[in-house]
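Q: Here it is: the structure, laid out below.
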Amino acid sequence: MSARLIMKLRVASARLTTPDVLHLSFIHPSRPELPAWTPGAHVDLRTASGKIRQYSLCGDPADRAHYEIAIKREDAGRGGSVWAHANLDVGAEAHVSAPRNNFPLRENAHRHILIGGGIGVTPMLAMAHGLVATNQDFELHFCARSEKEAPMLAEAKAICGDRLQLWLSTSGRRFDPGQLGPVRDGVHIYACGPQRLLDAVRAAAAGWPDEQIHAEVFQATLDENFKAEPFDIMLASTGAVLHVPADRSLLAVLRDHGIQMPSSCELGVCGSCVCGYRDGVVIHRDVVIPLGARQDRMAPCVSRARVSVTLDL
Ligand code: FES
């Protein structure tokens, strides 16, 4: 994948949509329009320390003047959200990438079931905008503890109307993924939220074909017991063979040898670093490459190989 355009954007509005979720709207300081995007897309936001974080766009894709995101403050997180809450007020500037979409709506679907848990509702709002604009059949299940803790609830109500189903656990109304029912042709399920919600949706939809279930993940769920082994790679373009020690990522080794590789999350969730491979057994550890593309695409920031692999580089 190619490197993405990085823009210095200005915060046009900033407000707390819940006590710990900041809703931001960015504009370009001099251009009336930002690069176009489609529902489900995310942007990278660079923090002051240079760290990159991904956030789903949650506004209306038809609005070319603004990028809207919502950031949940995670006091025990890696620092990016705390920095954003403390520093991104109206007039502040931040580096934001052009959007990328790893979580698109499926064009051939007859009906779309959107499931958002907490801050995971953000991509669903953009999807709902897109589905309303194209007059498609959908429903949004929005799961939160309470109305007060449901990010962007007013927006969800305004966009979805009676297609919104609100599930508030403190009111005793919990979403039951079991209601997804048996497989139905042309129905696609999209889920974003806490891992336990994604696991429950996957379990309830166990009989559904993989192509009809889609999940957006912004946090790696890497197996802590994974034991990395060394391996070799060959570069298809030159035939050069490089060794990847157990304590180095493939991405790091490529860069050590002067190979320019784009990256963003370096956690296997964004797709920035994905490259092609052949002739090898890859241990896939990312969550971004679809199953159907894993036989020839890999994420060198987290994935490794058994013994050796040839990269299309
Ligand atoms: S840098 Fe994000 S998947 Fe590799």
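The values are calculated or read from the model by the stated rules, or taken from the named source; none is laboratory data. What you see is a predicted model; the values in this text were computed from it and never measured. Please note: Cβ atoms are built from the backbone with ideal geometry, for glycine as well, and neighbour counts cover all protein chains shown. In case anyone asks, the SASA skips ligands and DNA or RNA and just uses the protein heavy atoms, side chains included. Shrake-Rupley method; radii C 1.70, N 1.55, O 1.52, S 1.80 Å.
Q: Looking at (1) closer than 19 Å to Val121 by Cα; (2) in contact (Cβ under 8 Å) with a residue 60 or more places away in the chain, can you tell me which one His66 breaks?
A: Among (1) closer than 19 Å to Val121 by Cα; (2) in contact (Cβ under 8 Å) with a residue 60 or more places away in the chain, His66 violates only (2).
Q: If you scan the range 36-69, which residues turn out to be within 13 Å of Asn101 (Cα to Cα), open to solvent by less than 40 Å² (accessible area, probe 1.4 Å) and in a loop (DSSP other than H, G, I, E, B)?
A: Restricting attention to the range 36-69, the residues satisfying the condition of being within 13 Å of Asn101 (Cα to Cα) are 36-44, 54-58, 61.
Among the residues that remain, those that are also open to solvent by less than 40 Å² (accessible area, probe 1.4 Å) are: 37, 39-44, 54-58, 61.
Within the range 36-69, Trp37, Pro39, Gly40, Ala41, Leu57, Cys58, Pro61 qualify.
Q: OK, next. Can you tell me which residue in the range 78-98 is nearest to Thr47 (Cα to Cα), limited to those that are assigned to a loop (DSSP other than H, G, I, E, B) and modelled with pLDDT of 95 or more?
A: Here is the first cut: in the range 78-98, the residues assigned to a loop (DSSP other than H, G, I, E, B) are 78-79, 88-92, 98.
From what is left, the residues that are modelled with pLDDT of 95 or more are 88-92.
On the way: Leu88: 10, Asp89: 14, Val90: 16, Gly91: 16, Ala92: 12 Å.
Among them, the one singled out is Leu88.
Q: Then there is this: Can you tell me which condition Gly161 does not meet? The list is (1) in a helix (DSSP H, G or I); (2) surrounded by 15 or more Cβ atoms within 10 Å (Cβ to Cβ), and all the others hold.
A: Going through the list (1) in a helix (DSSP H, G or I); (2) surrounded by 15 or more Cβ atoms within 10 Å (Cβ to Cβ), Gly161 breaks only (2).
Q: State the number of residues belonging to the range 270-292 that are of a type in the set (Gly, Ala, Ser) and within 13 Å of the ligand (Cβ to nearest atom). Give the steps one after another, and end with the answer.
A: Taking the range 270-292 and keeping what is of a type in the set (Gly, Ala, Ser), we get 271-272, 276, 280, 292.
Of the ones still in play, those that are also within 13 Å of the ligand (Cβ to nearest atom) are 271-272.
The number of residues fulfilling the criteria is 2.
Q: Does the range 233-255 include one or more residues that are open to solvent by less than 60 Å² (accessible area, probe 1.4 Å), more than 16 Å from the ligand (Cβ to nearest atom), in contact (Cβ under 8 Å) with a residue 40 or more places away in the chain and not assigned by TED's automatic domain parsing to the domain that holds Gly40? I'd like the intermediate steps shown before the answer.
A: The initial filter retains those residues of the range 233-255 that are open to solvent by less than 60 Å² (accessible area, probe 1.4 Å), namely 233, 235-236, 239-240, 242, 244-246, 249-254.
Those still in the list that are more than 16 Å from the ligand (Cβ to nearest atom) too: 235-236, 239-240, 242, 245-246.
Narrowing the set further to residues that are in contact (Cβ under 8 Å) with a residue 40 or more places away in the chain leaves 235-236.
Next cut, not assigned by TED's automatic domain parsing to the domain that holds Gly40 only: 235-236.
Looking for residues that are open to solvent by less than 60 Å² (accessible area, probe 1.4 Å), more than 16 Å from the ligand (Cβ to nearest atom), in contact (Cβ under 8 Å) with a residue 40 or more places away in the chain and not assigned by TED's automatic domain parsing to the domain that holds Gly40, one finds at least one in the range 233-255, hence yes.
Q: Hey, among Trp167, Trp208, which residue is in a strand (DSSP E or B) and open to solvent by less than 40 Å² (accessible area, probe 1.4 Å)?
A: Details: Trp208 fails: in a strand (DSSP E or B).
Answer to the check: Trp167.
Q: Go through Glu149, Glu155 for me and flag whichever is in contact with a helix residue (DSSP H, G or I) (Cβ under 7 Å, 6 or more places away or on another chain), surrounded by 12 or more Cβ atoms within 10 Å (Cβ to Cβ), at pLDDT 95 or above and within 15 Å of Gly120 (Cβ to Cβ). Give the derivation first.
A: Working: Glu149 fails: in contact with a helix residue (DSSP H, G or I) (Cβ under 7 Å, 6 or more places away or on another chain).
Every option except Glu155 fails the conditions.
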